[in-house]
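The values are calculated or read from the model by the stated rules, or taken from the named source; none is laboratory data. Keep in mind that this is a model prediction, so the values were computed, not measured. Ideal geometry is used to build each Cβ from the backbone, glycine not excepted, and the neighbour counts take in all protein chains shown. What goes into the accessible areas is simple: the full protein's heavy atoms, side chains included, and nothing from ligands, DNA or RNA. Shrake-Rupley method; radii C 1.70, N 1.55, O 1.52, S 1.80 Å.
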Amino acid sequence: MGRRARPRPLTRIVTERPRYFFGQVIGVEDLEQEQLYHREKVRRHNRLLHGWGIVRGLEVRAGTQGARKVTISPGYALDRRGEEIVVQRSVAVDLSGQAAGTTVYVAVRYDEQPERPVPTPLGHQYTRIRETFAVEVLVRLPRQKPLVLLAEIELGRGGKVANIGTSRRRYVGD
């Protein structure tokens, strides 16, 4: 009889949200707790109901003939934590720093960038966080990183793109 896989422990589950009432003094902690509650709820939904991987798009194509670049098409993915990765425009990825005759892996990950700095008595503070993505070019497969692998790319003579493989792409629902 085969062994059953043990369920993985759930990551942090936030079940508390602020309850506001007339006349209440609201502080930063209250607003951050509300954000945390809603963000964790969406991540949990994505992770447990949909899984992780590519939802649509994010195709990797070779650049112009002889170029050491690839292009990632617009698309959408969910990472292992349930974060949404949205690529709204085509993105060029420069591979010129990689050695010829090797295979590299192109992946995307969720990222955040602080926006709109304002002066405060403690120095500049940012008033917004922009959800974005980052592209990573790896020389070996990632382990336990919240990356979504898009393609493995064989670099031929002169480091030019010789082949783009997609066998390691994971789609939501796989």
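Assorted remarks:
- Taking the alpha carbon gyration tensor of the stretch 45-116, multiplying each eigenvalue by 5 and rooting it gives semi-axes of 27, 14, 12 Å, largest first.
- Once the Cα-Cα distance is subtracted from the 0.36 nm per residue extended length, the L48 to E136 segment shows a gain of 29.1 nm.
- Kirkwood-Stokes translational diffusion coefficient of the stretch 39-78, alpha-carbon pairs, 25 °C, 0.890 mPa s, µm²/s: 203 µm²/s
- Neighbour count of at most 10 Cβ within 10 Å plus DSSP loop: longest trypsin sites (Lys or Arg not before Pro)-free window in the chain: 20-88
- Computed from Cα positions, the angle between helix 28-45 and the longest principal axis of the chain comes to roughly 50 degrees.
- Volume per residue of the convex hull around the Cα atoms, evaluated for the stretch 115-174, comes out as 176 Å³.
- Check: the stretch 71-174 dipole with +1 on Lys, Arg Cβ and -1 on Asp, Glu Cβ, in debye: 200 debye
- The helix-only estimate of mean residue ellipticity at 222 nm for the chain, built from DSSP H runs of length n ≥ 4 each weighted as -39500 (n - 2.57), is -3500 deg cm²/dmol after division by the residue total.
- Per residue, the accessible area of the chain comes to 72 Å², computed with a 1.4 Å probe over protein heavy atoms only.
- Heavy-atom accessible surface of the chain: percent carbon and sulfur, 1.4 Å: 50 percent
- Positive-end residue, the chain charge dipole about Cα centroid, Cβ charges, pick of T132, Q88, G53: G53
- The modelled label-to-label distance for the pair Y37/D94, using points 7 Å beyond Cα in the direction of Cβ, is 4.6 nm.
- Average 1/r across all pairs of distinct alpha carbons in the chain, invert it, and you get the Kirkwood radius: 19.0 Å.
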